[in-house]
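Read the structure below first, then the notes.
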Amino acid sequence: MAREVTKRKKVRLNVGRVLLLALILWIGFGFARNAVANFKLRREIESLQRRIAVLEMRNQDLEREIEEWLSPENVEKIAREQLGLVKPGEIVYRLSESAEE
């Protein structure tokens, strides 16, 4: 009868160890899954930060271009070249193609 008691204890210990091992594996799997998800999110954040930096540089370029277009010198140049406007008191001389030949 003493032998049967020791066999039962061994079986119970083995079942306990298997359950403990399963619990440890389950917890480890959960940590691993969270680590992979965390890694992917960090990569996505880095990618988005790079894109933000590029877009901010592009925004600065566009703002600089807007300032150039709105400068008084540029507005005057466009008014003279495209619209043919002149300042008061100026005389405009235009050469025709027939006169050059």
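The values are calculated or read from the model by the stated rules, or taken from the named source; none is laboratory data. Model, not experiment: these values are computed from the prediction. Please note: Cβ atoms are built from the backbone with ideal geometry, for glycine as well, and neighbour counts cover all protein chains shown.
For Arg12, are the conditions met, namely being among the charged types (D, E, K, R), modelled with pLDDT of 95 or more, over 12 Å from the mean Cα position of the chain (by Cα) and surrounded by 10 or more Cβ atoms within 10 Å (Cβ to Cβ)?
Numbers: among the charged types (D, E, K, R): yes; modelled with pLDDT of 95 or more: no; over 12 Å from the mean Cα position of the chain (by Cα): yes; surrounded by 10 or more Cβ atoms within 10 Å (Cβ to Cβ): yes.
Considered against the rule, which asks whether it is among the charged types (D, E, K, R), modelled with pLDDT of 95 or more, over 12 Å from the mean Cα position of the chain (by Cα) and surrounded by 10 or more Cβ atoms within 10 Å (Cβ to Cβ), Arg12 comes out as no.
Kindly establish whether Arg3 is modelled with pLDDT under 85, assigned to a helix (DSSP H, G or I) and exposed (fewer than 10 other Cβ atoms within 10 Å of the Cβ).
So Arg3 passes the test.
Return the pairs, sorted by first residue and then second, in which the second residue is in a helix (DSSP H, G or I), the first residue lies in the range 58-74 and is of a type in the set (Phe, Trp, Tyr), the beta carbons are less than 9 Å apart, and the residues are 6+ apart or on different chains. Close Cβ pairs satisfying both conditions: Trp69/Val75; Trp69/Ile78.
In this structure, is Val92 free of Cβ contacts under 8 Å to residues at least 24 places away in the same chain, in contact with a Gly (Cβ under 8 Å, 6 or more places away or on another chain) and either surrounded by 10 or more Cβ atoms within 10 Å (Cβ to Cβ) or not in a helix (DSSP H, G or I) (or both)?
Numbers: free of Cβ contacts under 8 Å to residues at least 24 places away in the same chain: yes; in contact with a Gly (Cβ under 8 Å, 6 or more places away or on another chain): yes; either surrounded by 10 or more Cβ atoms within 10 Å (Cβ to Cβ) or not in a helix (DSSP H, G or I) (or both): yes.
When the stated conditions are applied, Val92 passes them.
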